[in-house]
Amino acid sequence: MIEVCDLRKEYGGFVAVEGSSFRVDRGEVFGIIGPNGAGKTTTLKALAGLLEPTSGTITIDGKRADSRETRRLLGFLPEESPLYEEMSPRSYLRFFADLYDVPRDVADDRIGRTLDRLELAHRDRALGDMSKGMKRKVAIARSLVNDPDVLIYDEPASGLDPLTTKYIIEFTRELAAEGRTIVFSAHNLYHVEEVCDRIAIMNEGRIVTEGSLPELKSTHGETVYHVFTTVEVPDATAEGDRYRRTVEDMDELDAVREAAIDRGGRLEDVRTVEPSLEGLFLDVASPERPGGEKPPGATEG
Amino acid sequence: MRPRTLLRIARWESTKGLGGIDRGAVAVAVAAVAFVLAVGAVAVTGGVALEDGIYRVGVSEDAAYHDPVAADPTFAAVDTDGRNVDTGPPTPAGDGGVAIGGFRGDGRIDLYVEERAGRTEIYVAFFDGEPTEKGLAALAALRTSVGRYNDALMRAEDNRTAAFPVTVSIRFLDRSGTVAAETPGDGGGGRSGSAVDGGNGGADAAGGIGDGATGTGESGGMGGDTAVDAASFGAFDLFGTSSTTGSPSDIRPPFPFQSLVLAFLFVLPLNFLIQAYGSSMLSERLNRRGELLLVAPVGRGEIVVGKTLPYLAAALGITAAIVGGLWLLGSGGGPLSVLAVVPLALLFFGTTFLAAMFARSFKELTFLTVTISTLLTTYAFVPAIFAETSQVAFVSPLTLVIMDLTHAEVSAGEIAFSLGPATLVAVICFSLGFGIYREEDLFTQRPVHLKTLDALASRIHRPRSVALVVALLVPFVFVAELLAVAVLFALPVTFSIPLIFGTIAVIEELAKGIPIYAGYVHARYGRTLAVAAAVGSASGIGFFLAEKMTLAIQFVGLPGLAVADAAFQTGLGAGDPAIVALLVLAPLALHVVTATLTAIGASRGRRLFGIGLGAAILVHLAYNVAVVSTVV
């Protein structure tokens, strides 16, 4: 469905994205995460046909991403909601439906149903008079006026209150359940875990790693064990009336148990700690990693 | 570009803000406009009545002066029957039998007219032994009024030969033009000449009024028709300024004041429209509002053209309404006036579009649009002032409006010359702005000069593309040089020629140098000497080839002006083929050399670019002085 091959985007002397390649299958939800300035937004804008790659190719259904034909298939939601605030939601959405050549009756029906789903009641009030959450819902509705096969959402819940955020994340899951292909970016890793089938972690313009969450965990994450003892053992920290030490394998665990027994105590509890996406992110996007090195000539933008 | 999409965007552009406009404010605005129009219409048709009846004249109904006084609303005729007017001795009567004296004013009347024993005595109100200011003003006004009244009587006379026994032919010529000898009786022709009637007005009615209170009267004012503004005869006399009578002292070069004022009506709305247009374009950039339009399946060209269309349509609609209104009031003006406004409107919108692409805020945009308004209004008006005296006037499309309003004939060449440069510049402005109407340039906040470089660099990909960009700038150069000619041609040649040499050198070297520098800033080519030479050559050749379009000036014979010949250096007057060849090839060499100097400087950084550009200007200036002034 979406094929990105060796994407490079340069602004003047600044390299925003370097050698990115990935593939998103039809119906898949693909998440892109990374720290600020990692190149996520540039990648999403290139996917939406907004930016012309300096080199590399992007195809959607075999066609160039910036072709007019491809843009008809896309629904793009940028990080901000740059609406025409003097317009009402209804006239705003109708205008965009017109641009996508959606017949007026179909557009009205679709707009009505989408706004119903998004629980947006004030359809003829000026957008400038609406709350940020309501505007975000209108922006989401706009991304759906052409009933797109592919949705590119950049931080869909950015800056919203927890209730609206939850609502929008659930709505995105519903869209995914309808079989749409979604490329999704978010700083909130919980949202990514909730929604995405596969994840790419970007840093300094490059894709550092990519795969499903279990794959990433197995590749990059390490399961650790929290061992609790009744007496103090080396490298343990006190937690209430007992002591905790983190170990990475069974041999280490055995050593802790023997140390506790030697000190007149015992092993009280062992807990397995699976790697989190946050942990993976922090680990993979760390500047100390080779992938995290700044590309030549790149400066903070 | 799909018409349906264009119309959708245009409709959206013109209606999107409707919801945000307060209906009450709209009603008040409409009422205010209607009121102003109504007052204007009344003022135009009935005249302004500010001075009605300000002078009170004591004159009996059977006096010869009663009719002129009654015909002029400035005066209020008061029949005193000689009562309560304590007149002093009048000065001796002049030839016309008019004597001037004074009377003790009581505030009721300013002048007192009395006919006594076949002679007319006019008394000015006195106070404390001195004539009152108002009385003297009334006397002067009466003098003028009587002259007008007599002229009107002459015009109404059936026997034209008796009324105007002398015929005077007046023809105004271009200062530096030539004209063939005319046969006697030729009434003259063209825009600057006409045959008219002249003669001495008689004193069969009220007679003339003496010159001042000395009593030196004349039997008749200099009457008859003397054409002083041939072109304005056919024009609509909105202000009542188009006099067809007067004395030889009234003869002066034609100045289309009335047409210029009317032409201002055509430019005025553009100044307002560009404010709205610029704001709309800039608001697409601020807060990234325009991003979603760029994602939609519409072309960038469709967005820009679609958003421009409503404003262009409004400009043309207003122009058509003005033409229609003037036509209803009996003026000239028709399709040519509307046609002339099209490139002017495009020029206003094109430059504003570019300004909106460059500006970082509404404050900056306001500064730019005010600058644009001032410059373009100057461009439109300064040459048009010479509409009836010099071909240089055709630099401005507004001249066509004036010609149309005065029913003057205009050739196809003059129309092309007048409309061509403005249209080309407008197209290039749109083209440059369009080059940066894309995500990565549209939403960046860079200073105006860097945005300018971005716009130029967006079309530079390799050394030879500089030639195309420089060629694209030549219409700007052409318009700037024409404007310089229009501004400087009225000066004495000893001043205007050196000034035009300097101005031309600066304009042309900037046009060649800035695109070169833009390419270096955006790392479009290497910084070696060989590459600098290639870039400079490309710039020089591109400029030279495009400059040949200045041959368009041949359409209207602009090189007839010495200053224009110096500016455009056509050299066509030189008969020797070797000199003609030299004048064709020498500019090529000049442009290549100077552009290469600039390119070498630009390849070494900003400071050396400035030094290189300065050196290029000096070389260009030396060339102008040494070659052109000695050969042309």
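Pairing each residue of the stretch B:438-454 that is within 13 Å of another protein chain (Cβ to nearest Cβ) with any residue that is of a type in the set (K, R) and part of a loop (DSSP other than H, G, I, E, B), provided the two are 6+ apart or on different chains, yields C-beta distances under 8 Å for B:Q445/B:R360; B:R446/B:R360; B:D454/B:R446. As a summary of the residue check, A:E28 satisfies the conditions (1) in contact with a strand residue (DSSP E or B) (Cβ under 9 Å, 6 or more places away or on another chain); (2) in contact (Cβ under 8 Å) with a residue 40 or more places away in the chain; (3) among the charged types (D, E, K, R); (4) within 13 Å of chain B (Cβ to nearest Cβ) except for the one numbered (4). Within the stretch B:311-339, the set of residues being in contact with a Ser or Thr (Cβ under 7 Å, 6 or more places away or on another chain) and either hydrophobic (A, V, I, L, M, F, W, C) or within 14 Å of chain A (Cβ to nearest Cβ) (or both) comprises B:V323, B:V338.
Whether a residue is in a helix (DSSP H, G or I), more than 17 Å from A:Y84 (Cα to Cα) and within 14 Å of another protein chain (Cβ to nearest Cβ) was assessed, and B:G306 does not pass this test.
Taking the listed residues B:A622, B:A616, B:A566, the one that is modelled with pLDDT of 85 or more, within 35 Å of the chain's Cα centre (by Cα) and farther than 30 Å from B:R462 by Cα is B:A622, with no other qualifying.
Search the stretch A:41-71 for residues being under 15 Å from A:R206 (Cα atoms) and not small (G, A, S), and hand back the single one that is farthest from the other protein chains (Cβ to nearest Cβ).
Checked the stretch A:41-71; the qualifying residue farthest from the other protein chains (Cβ to nearest Cβ) is A:T43.
Any chance the stretch B:456-466 includes a residue that's closer than 24 Å to B:K307 by Cβ, hydrophobic (A, V, I, L, M, F, W, C) and modelled with pLDDT of 85 or more?
Initially, the stretch B:456-466 is screened for residues closer than 24 Å to B:K307 by Cβ, giving B:456, B:458-459.
So of that shortlist, the ones also hydrophobic (A, V, I, L, M, F, W, C) come out as B:456.
Retained after the next criterion (residues that are modelled with pLDDT of 85 or more): B:456.
Yes: the stretch B:456-466 contains one or more residues that are closer than 24 Å to B:K307 by Cβ, hydrophobic (A, V, I, L, M, F, W, C) and modelled with pLDDT of 85 or more.
The strands (runs of 3 or more DSSP E) located wholly in the stretch B:65-149 that include 1 or more residues which are buried (at least 18 other Cβ atoms within 10 Å of the Cβ) and modelled with pLDDT under 65 occupy B:98-104.
Within the stretch A:9-16, is there a residue that is away from chain B (no Cβ under 13 Å) and not acidic (D, E)?
yes
In the stretch A:72-121, the qualifying residues are those that are of a type in the set (S, T, N, Q) and either surrounded by fewer than 19 Cβ atoms within 10 Å (Cβ to Cβ) or free of Cβ contacts under 8 Å to residues at least 40 places away in the same chain (or both), and the one that is farthest from the other protein chains (Cβ to nearest Cβ) is A:T114. For the stretch A:151-189, filtered to residues that are under 20 Å from A:V17 (Cβ atoms) and among the acidic types (D, E), the residue that is modelled with the highest pLDDT is A:D154. Criterion first (surrounded by fewer than 20 Cβ atoms within 10 Å (Cβ to Cβ) and at pLDDT below 85) does B:V410 satisfy it? Criteria met by B:V410. Of everything in the stretch B:497-527 that is buried (at least 22 other Cβ atoms within 10 Å of the Cβ) and among the hydroxyl-bearing types (S, T, Y), the residue that is modelled with the highest pLDDT is B:Y517. Name every residue in the stretch B:303-319 that is farther than 16 Å from B:W12 by Cβ, surrounded by 18 or more Cβ atoms within 10 Å (Cβ to Cβ) and of a type in the set (A, V, I, L, M), in order of residue number. Within the stretch B:303-319, B:A315, B:I318 qualify. Counting only residues that are within 14 Å of chain A (Cβ to nearest Cβ) and not in a helix (DSSP H, G or I), the stretch B:493-542 holds 3 of them. Any residue at all in the stretch A:76-91 that is assigned by TED's automatic domain parsing to the domain that holds A:V138 and touching a His at 6+ places or on another chain (Cβ under 9 Å)? Yes, that holds for at least one residue.
A residue that is in contact with a Lys or Arg (Cβ under 7 Å, 6 or more places away or on another chain) and modelled with pLDDT of 85 or more occurs somewhere in the stretch B:529-538. If you check A:E170, A:E155, A:E174 for being farther than 19 Å from A:S212 by Cα, touching an Asp or Glu at 6+ places or on another chain (Cβ under 7 Å), of a type outside the set (S, T, Y) and surrounded by fewer than 22 Cβ atoms within 10 Å (Cβ to Cβ), only one passes: A:E155.
Run A:A141 past the list (1) closer than 24 Å to A:T181 by Cα; (2) within 11 Å of chain B (Cβ to nearest Cβ); (3) touching a residue at least 24 places away in the same chain (Cβ under 8 Å); (4) outside any loop (DSSP other than H, G, I, E, B) and report the number of the one that doesn't hold. Every condition holds for A:A141 apart from (2).
Within the group B:L344, B:L405, B:L354, which residue is crowded, with 22+ Cβ neighbours inside 10 Å, under 17 Å from the mean Cα position of the chain (by Cα), at pLDDT 90 or above and away from every other protein chain (no Cβ under 14 Å)? It would help to see each step written out before you state the result.
Working: B:L405 fails: at pLDDT 90 or above; B:L354 fails: under 17 Å from the mean Cα position of the chain (by Cα).
Matching residue, one of B:L344, B:L405, B:L354: B:L344.
The values are calculated or read from the model by the stated rules, or taken from the named source; none is laboratory data. A quick note: this is a predicted structure, and the numbers were derived from the prediction, not measured. Neighbour counts are summed over all protein chains in view; Cβ atoms, including those assigned to glycine, are modelled from backbone coordinates with ideal geometry.
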